[in-house]
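Structure, as structure tokens:
The values are calculated or read from the model by the stated rules, or taken from the named source; none is laboratory data. Everything numeric here is computed off the predicted structure, so don't read it as measured data. Here the Cβ is made from the backbone with ideal geometry for all residues, glycine too, and neighbour counts use every protein chain on show. Note: areas computed on protein heavy atoms with side chains; ligands, DNA, RNA excluded. Shrake-Rupley method; radii C 1.70, N 1.55, O 1.52, S 1.80 Å.
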Amino acid sequence: MQNRLPFLSLSSYGASWSANRRIAIVTCVVAVLLGIAGIVAVLTGGGNSHQAPVTAAPTRANSPSSTEAAPKPSSGSGSVPKPPQIAEPVAYAKAAAQMLWSYDTRDTSRDQQLAGMRAWITKETKYADWVSVSGQVPDPVLWSRMADQDQHATGTVTEGHYPGAFKQALAEDPTAITEAYIYVVTVNGKQQIAWKEGGGGAEERAVTLAVQCRPDHDCTLAAIAPSVTQ
């Protein structure tokens, strides 16, 4: 276990939503649904929430990836899968969570990891919170150390669902979501991590995502919530 250099999986890293992006998403998704106070409860895990274990991914302060710009497309995406053509929020969120819990430093550079993740983000800049997504990737030094150990991980999903508060809000006013078409989805699963010389381990994972699914369009990822709500 001494050679283990943990990847910062989103489920255990409280990546902060930037103020401007959070306000935009909160305003559009929940201003009509629950009101400002209600949406904050939905997206920040108010009420009954479940935090995934942090042993495999300790938090990291002042991560440069949380503020840096997205890498140029020419960098490629390595082993990061392309976003699927899915028009159903829960199904897309499950695919996105699996992508976020998977990585392979053996054949993917940090820039490629970021470029691959960026392809999943909505092109509507008003709702896209790239900071909350890029903040899941370790800084260049740590990524290099992980690569030295051939560290890689595979994510598996057990289930995905709309949190209760979101379903209640949507039931109370089904038309409120028609401005941004952003859905709140919580996904549960597991991350299997391995490195050279037979090292490895597995841990439960959970994440709450904001997914945009406009009618007649494939879904995209808008943001990663700073905490998990079930």
message: On the basis of being aliphatic (A, V, I, L, M) and free of Cβ contacts under 8 Å to residues at least 60 places away in the same chain, does ALA210 make the cut?
response: no
- line: Note: among ALA180, ALA169, ALA115, ALA176, just one is of a type in the set (A, V, I, L, M) and either without any contact (Cβ under 8 Å) to a residue 40 or more places away in the chain or closer than 26 Å to GLY78 by Cα (or both), namely ALA115
task: All but one of (1) open to solvent by 50 Å² or more (accessible area, probe 1.4 Å); (2) of a type in the set (S, T, N, Q); (3) touching a Phe, Trp or Tyr at 6+ places or on another chain (Cβ under 8 Å) hold for THR175, so report the exception by its number.
output: (3)
field: Hits in segment 138-170 (condition: in a loop (DSSP other than H, G, I, E, B), open to solvent by less than 30 Å² (accessible area, probe 1.4 Å) and more than 19 Å from VAL228 (Cβ to Cβ))
entry: PRO138, GLN151
- line: Filtering segment 80-108 down to residues that are open to solvent by 50 Å² or more (accessible area, probe 1.4 Å) and either in a helix (DSSP H, G or I) or without any contact (Cβ under 8 Å) to a residue 60 or more places away in the chain (or both) yields PRO81, LYS82, LYS94, GLN98, ARG106, ASP107
- prompt: Mind checking which residues of segment 202-221 are assigned to a strand (DSSP E or B) and either among the aliphatic types (A, V, I, L, M) or open to solvent by less than 60 Å² (accessible area, probe 1.4 Å) (or both)?
  reply: ALA202, GLU203, ARG205, ALA206, VAL207, THR208, LEU209, ALA210, VAL211, GLN212, THR220, LEU221
